[in-house]
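Peer 1: Mind looking over this structure? Questions follow.
What follows is calculated from the coordinates using simple rules that are stated; it is not laboratory data. Please read all numbers here as calculations on a predicted model, not as lab measurements. Reconstructed Cβ throughout: ideal geometry from the backbone, glycine too, with neighbour counts over all protein chains shown.
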Amino acid sequence: MNDPTPYPPEYFAREDDSDDRHFYRMPRKVVHIDQPAVDMLRERVFRPLLPAGGRILDLMSSWRSHLPPDVALGRVVGLGLNGEEMADNPQLDDYVEHDLNTTPDLPFADGAFDAALCTVSIQYLTRPVEVFSEVRRVLIPGAPFIVSFSNRCFPSKAVWVWLFTDDAKHQALVIDYLERAGFDGIHTADHAPRSGDPLYAVIGHAPKDVLRGK
């Protein structure tokens, strides 16, 4: 990683900059995109990319992970802010309560996972390049990191650079995060349903020929 803070600090300012653990202490057992977008994410993004039997990190996890129910994955670990939500997520084998905006370091060993997800939550990260660099570290070489998003958010907790840019610039921003964090093979997937919430995904792969460390 070349620079953990390549953007002006005001890019990651938020209307509500209080402790995120207070905001998320109340469980919100709802999905954050509509069903057509969920189906598109599950079938068109996750299914072709997630390895059967793979160890999966669900970053910024919550009540549902939207993984294909008929794909035999290995261990799925959630990392998020609300333990009650993650405890009720039927697709998680384990979970860790952890605030990435306070501590971007991930509590996992190098190469602990075969794939990682960040689903409709990227807009809340205040230190995204640092977090993405940690994701790269905990992935095996060549593993995918799938960052998906739509046009919904909690505005008071979304960072300024996300709130005041459009979907095309959101894609460019996530691509830049991945590039700065050292990912390879970065590409986008636009699978907008015919109606309802749009769905976007940016995918990067952990490099095969460099060290995983920061």
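Peer 1: Output ³J(HN,Hα) for region 48-61: one whole-Hz value per residue in order, computed from phi by the Karplus curve 6.51 cos²θ - 1.76 cosθ + 1.60 with θ = phi - 60°, and x for Gly and Pro.
Peer 2: Couplings: x, 9, 7, x, 4, x, x, 8, 10, 9, 9, 7, 6, 6 Hz.
Peer 1: For ASN151 and VAL71, calculate 0.36 nm times their separation in residues minus their Cα-Cα distance, and state this gained length in nm to one decimal.
Peer 2: 26.0 nm
Peer 1: Related question: Pull up the DSSP beta bridges for region 9-205 and report the antiparallel fraction as a percent, rounded to 5.
Peer 2: Of those bridges, close to 40 percent are antiparallel.
Peer 1: So if we plug the beta-carbon distance of ARG42 and ALA168 into 1/(1 + (r/R0)^6) with R0 = 30 Å, what FRET efficiency do we get, rounded to 0.05?
Peer 2: For ARG42 and ALA168, the calculated efficiency is 0.80.
Peer 1: In region 9-205, what is the volume of the convex hull around the alpha carbon atoms, normalised per residue and reported in Å³?
Peer 2: Considering the Cα atoms of region 9-205, their hull volume per residue is 108 Å³.
Peer 1: Next question, about the same structure. Going by how many other Cβ atoms sit within 10 Å of their own, how do SER150, SER61 line up, fewest first?
Peer 2: SER150, SER61
Peer 1: Place the peptides 77-89, 97-109 in order of packing, highest mean first, counting for every residue the other Cβ atoms within 10 Å and averaging per peptide.
Peer 2: Values: 77-89: 19.5, 97-109: 15.9.
In descending order of packing, they fall as 77-89, 97-109.
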